[in-house]
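Asks: Below: one structure in structure tokens.
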Amino acid sequence: MPALTLALTVLSLSGLIRAHVAAWHPGMYCLNGTSGVDDPNTSQIVTPLYMLRKEDWWFHHVDKCDEFPPPPGVFLELPAGGTFTVELAVNRAFTTLSFEGTVVGEFGNGQDRPELGVIGPGEEPQCITEPNIHTQNESMAAGTAFAISYVSELKDVTPENLVVFTVLYNTPWKRIATYSVPNLPACPSDGCICAWGWVANGCGEPNMYMQGFRCKVTGPSGNSAVETPASPIWCEDDPSRCMRGPKQMVYWNQLEGNNVEVEGFDLSGSPKSPTYNAKMGFSNGAQTDIFGKPGSATNSGRRLLPPWIYYYITALSALHFFPDYCPALLSS
Ligand SMILES: [Cu+2]
């Protein structure tokens with residue numbers, strides 16, 4: 001199998017052991033790294049973000065991944081009220097996006113590894129390093145999230161308009177990851193910008209991950225706008241402090257632009273890590289507390305008739321209820 005041989009050769013040369021995890025989908029930025037040509041072996045987007053300046057960590061600008069969008073018309077589709085699936089892997093080679101899916105496994109490093117996370121009686125859980133998923137087992141996996149911004153250009157995304165809309169506890173773990181979508185309103189006609197996030201919890205450098213996607217909401221969408229998010233706060237020790245409502249992504253352990261500070265240890269005795277789970281007030285699954293009033297969404301996105309018809313109908317009904325304003329029209 002030449003593809004497999006090629007993948008293994010290139011991967012062994014490129015120091016796979018140090019790689020971490022990214023979310024792979026055709027709608028992602030940096031699908032080919034920054035090569036500008038099809039690169040089935042890239043792991044560029046997988047590089048963790050740690051102690052960087054804001055302009056560098058924001059959407060993985062440190063290596064210009066934010067400058068390589070998906071091809072026109074390719075989106076991560078988010079079915080309102082449904083689910084979508086991405087592949088969490090250490091290299092594109094180990095996803096169905098490369099080599100016709102011939103090098104994929106249960107885990108994101110191309111292997112099945114049924115023994116991972118399994119320990120015998122009396123043994124302490126050990127950090128899993130291959131794949132480098134920063135955990136000892138599934139139950140200790142930190143959690144990952146997707147956020148959405150109702151703008152169509154990445155340059156218009158800010159921490160204040162990028163809202164976490166789904167969280168998947170106990171990931172990254174295996175390759176396949178399926179996230180739930182709340183009843184999001186439709187995107188502008190050119191789509192939305194989404195981001196995947198992960199804050200590692202132990203087992204190595206306490207880094208974070210942020211990568212971009214072009215995305216759009218599909219199917220019958222909601223009519224409530226997503227509201228302005230606030231910074232999430234640590235609340236493991238006092239769930240009554242957990243912030244309800246729309247939350248920003250977690251920006252942590254960078255030189256600037258952090259929106260979360262933690263110190264000390266969590267209830268399990270490990271150094272606190274502000275991860276996408278209950279410790280930071282994130283519920284599992286679709287985040288249903290991010291919306292404003294019904295009818296507040298401005299992007300209808302799927303009008304049945306051209307816009308001028310709606311103005312015409314509105315004007316006609318105004319005339320009907322307030323005929324005095326235009327008696328001549330009605331009597332003619
Ligand atoms: Cu890592």
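Asks: For residues that are farther than 13 Å from F146 by Cβ and polar (S, T, N, Q), scanning just segment 182-220, find the one that is farthest from the ligand (Cβ to nearest atom).
Replies: Only one residue fits best here, namely S189.
Asks: Can you tell me which residues in segment 126-150 are within 11 Å of the ligand (Cβ to nearest atom) and surrounded by 23 or more Cβ atoms within 10 Å (Cβ to Cβ)?
Replies: Listed by number, the residues that qualify are P131, N132, I133, H134, T135, A142.
Asks: Which pairs do you get when a residue that is on the phi > 0 side of the Ramachandran plot, found in segment 122-139, comes within reach of a residue that is within 12 Å of the ligand (Cβ to nearest atom), reach meaning Cβ atoms under 7 angstrom, with the pair 6+ apart or on two chains?
Replies: From residues that are on the phi > 0 side of the Ramachandran plot, the pairs are H134/A142; H134/A200; H134/N201; H134/G202; H134/C203; H134/G204.
Asks: Another question about this same structure. Quick one: N223 ticks every box in (1) within 16 Å of the ligand (Cβ to nearest atom); (2) more than 11 Å from the chain's Cα centre (by Cα) bar one, so which box is it?
Replies: (1)
Asks: Go through segment 234-253 and report how many residues are touching a residue at least 40 places away in the same chain (Cβ under 8 Å), farther than 17 Å from N201 by Cβ and surrounded by 15 or more Cβ atoms within 10 Å (Cβ to Cβ).
Replies: Summing the residues that are touching a residue at least 40 places away in the same chain (Cβ under 8 Å), farther than 17 Å from N201 by Cβ and surrounded by 15 or more Cβ atoms within 10 Å (Cβ to Cβ) in segment 234-253 gives 3.
Taken together, the values in this text are just the output of simple stated rules run on the coordinates, not laboratory data. Note that the structure is predicted; figures quoted are calculated from it, not measured. Because the Cβ atoms are built from the backbone with ideal geometry, glycine has one as well, and the counts that use them run over all protein chains shown.
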